[in-house]
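S.K.: Sharing a structure, written as structure tokens. Questions coming.
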Amino acid sequence: MNGSKLLYRPVGLVGGLVAGAMAGWAFKRLWRTLSDEDDTPDAIDRDRGWTEILIAATIEGAIFGVVRAAVDRASATGVSRLTGRWPD
């Protein structure tokens, strides 16, 4: 295992935690703006319909995917700049 990959593992782990927190914050803020509700839909919430639950899950998944990809890419770029090699 090369040095850049070894360095990337802990950076990627921390990045994943940061990405999750950022994505959760962004989704809650966006949902509050879209729906004028402070509570985000939960799949087992009896008072929410299928459409609302599935739309919320789609938005949340898209936000998480974009944030995670951005954080992973930034982490790999940073490690590459430090070590001179891309963490394959």
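S.K.: Among the residues of the range 51-88, write down those that are of a type in the set (Asp, Glu) and either surrounded by 15 or more Cβ atoms within 10 Å (Cβ to Cβ) or touching a residue at least 12 places away in the same chain (Cβ under 8 Å) (or both).
M.R.: Glu60, Asp72, Asp88
S.K.: Select from the range 5-48 the residues that are farther than 13 Å from Val67 by Cβ and of a type in the set (Val, Ile, Thr) and write down the one among them that is nearest to the chain's Cα centre (by Cα).
M.R.: Result: Val14.
S.K.: So, in the range 1-43, of the ones that are in contact with an Asp or Glu (Cβ under 8 Å, 6 or more places away or on another chain) and not in a helix (DSSP H, G or I), which residue ends up surrounded by the most Cβ atoms within 10 Å (Cβ to Cβ)?
M.R.: Pro41
S.K.: A further question on this structure: Can you find even one residue in the range 46-53 that is modelled with pLDDT under 90, of a type in the set (Asp, Glu) and in a loop (DSSP other than H, G, I, E, B)?
M.R.: No, every residue in the range 46-53 fails to be modelled with pLDDT under 90, of a type in the set (Asp, Glu) and in a loop (DSSP other than H, G, I, E, B).
The values are calculated or read from the model by the stated rules, or taken from the named source; none is laboratory data. Just so you know, these numbers come straight off a predicted model, no measurement behind them. Glycine also receives a Cβ, built like all others from the backbone with ideal geometry; neighbour counts cover every protein chain displayed.
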